[in-house]
Amino acid sequence: MVTAIIGLKEISQRVPNKNFKLLGKIPLFAWVLDTLTEVEEISEIMLNVEGEKLYSLLNDYTKKVKKIKIIKREHELIGHETPMTEIINSTINLAENDIILNTHVTNPFLNKETIVNAIKLFKKNENPLFSVNKLQSRLYDKDLKPINHNPKILHQTQDLDVIYEENSCFYIFDKKQFSKQKTRIFENSTAYPISSIESVDIDTLEDWELAQVIAKGIQ
């Protein structure tokens, strides 16, 4: 079985009250939580929460969902500068399972089938994995040097080398491996491509506007 770990903050920097905002007909935080509760392989969902108002809201919302556990964030970890790896590290020892899935409520369109298939692949290969965007376009670095193509030879984009972009939608790893290395990506990690809609991450107001359009088409 799998334990999902999610970190949530009451105060967001670029999209005010992001986690509380209604996306379509339900709050943003509920999209991923509702999806995770439907995944049979996930027996436990641990929410590491920063902020009393958010803690109270989540506590009321999840009372009927037995697999969800809410943890108040330790004082020394409060703040926007705290990396997610430290949040996981403060939570992971409380997890009842050895397989950990870390995700975020800002990825509302992640679907059940993707999560189930990713967990199956992890169990089959016994290697950690993380979600990515598969890029097959003409890419340049900050100095405008081509990364995966030769501008003098105009290959079709489908023939270019694939580049993977970490999209932070989810990471699956072993509890013991994380405890030793304190990272979500390891030397033996596998890149797991997902669709562009699933990979939408709400970080800016522009992301929020895009998510509203997608949500209208789904609900």
Selected from ARG14, ARG73, ARG184 as most flexible by GNM, with the chain as the system and alpha-carbon contacts under 10 Å = ARG14
task = Report the net charge of residues surrounding LEU36, where surrounding means a beta-carbon distance below 12 angstrom and charges are Lys +1, Arg +1, Asp -1, Glu -1.
result = -3
inquiry  = I need the shape label for the chain. Rule: rounded when a/c is under 1.5, else prolate if a/b > b/c, else oblate, with a, b, c from the alpha carbon gyration tensor.
reply    = prolate
key: Mean residue ellipticity (222 nm) of the chain, computed from DSSP H runs ≥ 4 via -39,500 (n - 2.57), nearest 500   = -8500 deg cm²/dmol
task = Quick one: angle between helix 28-37 and the longest Cα principal axis of the chain, in degrees between 0 and 90, rounded to 10, please.
result = 90 degrees
inquiry  = What are the equivalent ellipsoid semi-axes of the stretch 91-165, built from the alpha-carbon gyration tensor (square roots of five times its eigenvalues), in whole angstrom, biggest first?
reply    = 35, 14, 13
remark   = Most exposed first, judged by fewest Cβ atoms within 10 angstrom, LYS176, LYS72 run LYS176, LYS72
inquiry  = Quick check on the exposure proxy: order GLU44, GLU81, GLU206, GLU165 from fewest to most C-beta atoms within 10 angstrom.
reply    = GLU81, GLU206, GLU165, GLU44
inquiry  = Nothing charged except the Cβ atoms of Lys and Arg (+1) and of Asp and Glu (-1): what's the magnitude of the dipole of the chain about its Cα centre? Round to the nearest 20 debye.
reply    = 320 debye
request  = Among the aspartates and glutamates, select those whose C-alpha is under 15 Å from the C-alpha of LYS21, and discard any that sit fewer than 8 residues away in the same chain.
outcome  = GLU10, ASP201, ASP203, GLU206, ASP207, GLU209
query = Most exposed first by the Cβ proxy, i.e. fewest other Cβ within 10 Å, how do TYR171, TYR192, TYR55 rank?
reply = TYR55, TYR192, TYR171
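Computed from the coordinates by the stated procedures, all read-outs in this text should not be read as laboratory data. Quick caveat, the model's predicted, so the values are computed rather than measured. Positions of Cβ are backbone-derived with ideal geometry, glycine not excepted, and every protein chain shown enters the neighbour counts.
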